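Student: Before we start, here is the structure in question, set down as structure tokens.
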Amino acid sequence: MPLTNDQVQPLLVLQQIDLEIRQRQKQLDSLPQRARIAEARAKRAQVTEKETQVKALLASVERELDHARFEDAQLSEKAEETQAKIADSAGDYRAVEALTKELDGFSKRRESLAETMGELKTRKAQVEKVGAQIAAALQALDAQEQQAVASFQQEGGALTEAIAKAQAARGDLSGRMDAAVLARYEKAAKSHGGVGVARLDEQQKCSACRNRVPDNRMPQIRREAPLSACPSCGRLLVVG
């Protein structure tokens, strides 16, 4: 059974809806906030990796410092014990001499440990400074991402809502269309970048590709009216 104009005309409306959906989706996909969010997250990953390294370095320095403090505390106890032995051995010259030599060894080692602990404290302060800088950088990146996300949700939300409305309108319209006509349109649109249907204008030109239909093809086009196909681009052609 030949198609009627009522069956064909909705194709042009459907195409307008589809083009609107494509345009809105393209706008949504190209929102600059997406790039800013992705950039902030990529930088955070890098900074977080650096933070992990700094924390490991800080833990290593603190272990060394704790070890030096522990050794210094032990040497302090030994020095006190040795000092007591010296007092108890006041009449034994050789014992006092040996104990004094031992005490001098403790003292030199503690001096060395004091220098080491000073260096470790300096290193710790430097690492902590870097850690603070990293924490501040992470906080700034979080703020940047939150701002970009909020902006994306506002602007992208409007686009998403528009897309949803257009899709609902498309579903309603396509549900009332002839299934065979809809199938032909879907196939043509897929093959031609979303523009699957055009009009034949008064100059016998396709409104999509702008090529003129040859006179020798017009009799067939007229016979197939109101829906034919453009002999140049292959899109569906609404005639009349």
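Student: Please go through the stretch 64-102 and pick out each residue that is among the hydrophobic types (A, V, I, L, M, F, W, C) and open to solvent by 80 Å² or more (accessible area, probe 1.4 Å).
Tutor: Result: PHE70, ALA90.
Student: Working only within the stretch 33-45, note down all residues that are under 10 Å from LEU138 (Cα atoms) and without any contact (Cβ under 8 Å) to a residue 12 or more places away in the chain.
Tutor: ALA45 - this is the single residue of the stretch 33-45 that is under 10 Å from LEU138 (Cα atoms) and without any contact (Cβ under 8 Å) to a residue 12 or more places away in the chain.
Student: When the stretch 225-240 is examined, which residues are found to be free of Cβ contacts under 8 Å to residues at least 60 places away in the same chain and either assigned to a loop (DSSP other than H, G, I, E, B) or surrounded by fewer than 14 Cβ atoms within 10 Å (Cβ to Cβ) (or both)?
Tutor: ALA225, CYS230, PRO231, SER232, CYS233, GLY234, ARG235, VAL239
Student: Continuing with the same structure: Residue by residue through the stretch 167-186, note down the ones that are assigned to a helix (DSSP H, G or I) and either of a type in the set (A, V, I, L, M) or in contact with an Asp or Glu (Cβ under 6 Å, 6 or more places away or on another chain) (or both).
Tutor: Matches in the stretch 167-186: ALA168, ALA169, LEU173, ALA179, ALA180, VAL181, LEU182, ALA183.
Student: Is there any pair linking a residue in the stretch 91-112 that is aliphatic (A, V, I, L, M) to one that is open to solvent by 90 Å² or more (accessible area, probe 1.4 Å), with Cβ under 6 Å and at least six apart or on different chains, and which?
Tutor: That search, which allows pairs on different chains as well, returns LEU99/LYS85.
Student: How many residues are touching a Phe, Trp or Tyr at 6+ places or on another chain (Cβ under 9 Å) and open to solvent by 30 Å² or more (accessible area, probe 1.4 Å) if we restrict to the stretch 170-181?
Tutor: Adding up the residues that qualify gives 0.
Student: Looking only at the stretch 3-24, decide whether some residue is open to solvent by 70 Å² or more (accessible area, probe 1.4 Å), outside any helix (DSSP H, G or I) and not charged (D, E, K, R).
Tutor: No, the stretch 3-24 contains no residue that is open to solvent by 70 Å² or more (accessible area, probe 1.4 Å), outside any helix (DSSP H, G or I) and not charged (D, E, K, R).
Student: Hey, does the stretch 133-156 have a residue that's open to solvent by 50 Å² or more (accessible area, probe 1.4 Å), in a helix (DSSP H, G or I) and hydroxyl-bearing (Ser, Thr, Tyr)?
Tutor: Looking through the stretch 133-156, none of the residues is open to solvent by 50 Å² or more (accessible area, probe 1.4 Å), in a helix (DSSP H, G or I) and hydroxyl-bearing (Ser, Thr, Tyr).
Student: Residue check: is GLN167 under 21 Å from ILE21 (Cα atoms), open to solvent by 50 Å² or more (accessible area, probe 1.4 Å) and of a type in the set (S, T, N, Q)?
Tutor: Yes: the conditions hold for GLN167.
Student: Consider LYS55 carefully, then state whether it is closer than 24 Å to LYS108 by Cβ, open to solvent by 100 Å² or more (accessible area, probe 1.4 Å) and among the basic types (Lys, Arg).
Tutor: For LYS55, the condition - closer than 24 Å to LYS108 by Cβ, open to solvent by 100 Å² or more (accessible area, probe 1.4 Å) and among the basic types (Lys, Arg) - is not met.
Student: Among the residues of the stretch 189-210, how many are more than 43 Å from the chain's Cα centre (by Cα), open to solvent by 50 Å² or more (accessible area, probe 1.4 Å) and in contact (Cβ under 8 Å) with a residue 12 or more places away in the chain?
Tutor: Count: 1.
Student: Take THR122 and tell me if it is without any contact (Cβ under 8 Å) to a residue 40 or more places away in the chain, β-branched (Val, Ile, Thr) and open to solvent by 70 Å² or more (accessible area, probe 1.4 Å).
Tutor: yes
Student: For VAL130, indicate whether it is open to solvent by less than 50 Å² (accessible area, probe 1.4 Å) and either of a type in the set (A, V, I, L, M, F, W, C) or modelled with pLDDT of 95 or more (or both).
Tutor: No; evaluated as a whole, the condition is false for this residue.
The values are calculated or read from the model by the stated rules, or taken from the named source; none is laboratory data. The structure displayed is predicted, hence computed values, not measured ones. Quick reminder, even Gly has a Cβ in these numbers, built from the backbone with ideal geometry, and neighbours come from all protein chains shown. Just so you know, the surface numbers come from the protein's heavy atoms only, side chains and all, with ligands and any DNA or RNA stripped out. Shrake-Rupley method; radii C 1.70, N 1.55, O 1.52, S 1.80 Å.
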